[in-house]
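Each reported figure results from applying straightforward, stated rules to the coordinates on display, with no laboratory input. Here the structure is a predicted model, which means the values were calculated and not measured. Backbone-built Cβ (ideal geometry, glycine too); neighbour counts: all protein chains shown.
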Amino acid sequence: ATCACSGVTAYSALKKLNHLRPKEHLMVIGAGGVGLAGIGMAKAVVAAKLVVADIDPAKRAAALAAGADIVIDNSNTGAAAELMEKTSGGVHGVIDFVGAPASSGFAMQTLARGGTIVVVGLFGGAVPLPLASLPLRMMSVVGSYVGTLGEMHELMALVKAGKVKPVPITPRPLREAGQAIADLRDGKTVGRYVLTN
């Protein structure tokens, strides 16, 4: 069921960066439900090495289990410098599944010259972007929202071929629906909850 919403959203964002090469790096910011969906299918769509940035250690662990090559706590002071070193000069593509000032700022700090940032997350806020940085760094910023019917068909073919790692699912009884929603809001969920009766 999540393929038709968060899955195709992540897939469409990944396709916008499917030109990246094996020696380059793709960074996913935010390993929540949509981010983990993207991480689980990234290797089937993009040839680049996969970096995942998240502030939650449990989500970074889930990202490693889903196929990330490098994980980083982007809330740490010095995280941008550490990532620039680990990637030998920055990432070539970023998918920001958070869409907050801090996540977009981290993306801009770590983007290599000629790189592309794809913003998916709708957290909101504003990011000061010096317009001269676009041509001087040859960077692109692209928005991505859900996906197309054709992309849904492509994604389902990858799922059927076993090329997509499933998002972790935690069953919870229906009587805990209120707490499950609170946990989602507070960012305590790794993967997805399924309410059972």
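Brief remarks follow.
- Span from the the stretch 122-152 Cα centroid across to the the stretch 1-74 one, whole angstrom: 17 Å
- Percent RCO, i.e. relative contact order, over the chain, from Cα pairs under 8 Å lying at least 6 residues apart: 23 percent
- Rounded, prolate or oblate (a/c below 1.5 giving rounded, otherwise prolate when a/b exceeds b/c) for the stretch 60-147 by Cα gyration tensor: oblate
- Residue (of ALA10, PRO57, VAL28) at the positive-pole extreme of the chain, dipole from beta-carbon charges: ALA10
- Taking amide H atoms as placed 1.01 Å from N in the peptide plane, the amide H of LEU195 lies under 5 Å from those of ARG172, each 5 or more residues away in sequence or on another chain.
- The charge dipole of the stretch 104-197, taken about the Cα centre with unit charges on the Cβ atoms of Lys, Arg (+1) and Asp, Glu (-1), comes to about 200 debye, rounded to the nearest 20.
- Ordering 11-21, 29-39, 170-180, 117-127 by mean Cβ neighbour count within 10 Å, with the highest value first, yields 29-39, 11-21, 117-127, 170-180.
- Against the main long axis of the alpha-carbon atoms of the chain, helix 149-160 sits at an angle near 70°.
- Residue separation of MET156 and SER75 scaled by 0.36 nm, minus their Cα-Cα distance, works out to 25.7 nm of gained length.
- Net charge over other residues, Cβ less than 13 angstrom from the Cβ of LEU26 (K, R count +1; D, E count -1): +3
- Here the calculated FRET efficiency for ALA4 and ALA102, from their Cβ-Cβ distance with R0 = 41 Å, stands at 0.85, rounded to the nearest 0.05.
- Per-residue ellipticity at 222 nm from helix content only, as computed over the chain with -39500 (n - 2.57) for each DSSP H run of at least four residues, stands at -11000 deg cm²/dmol.
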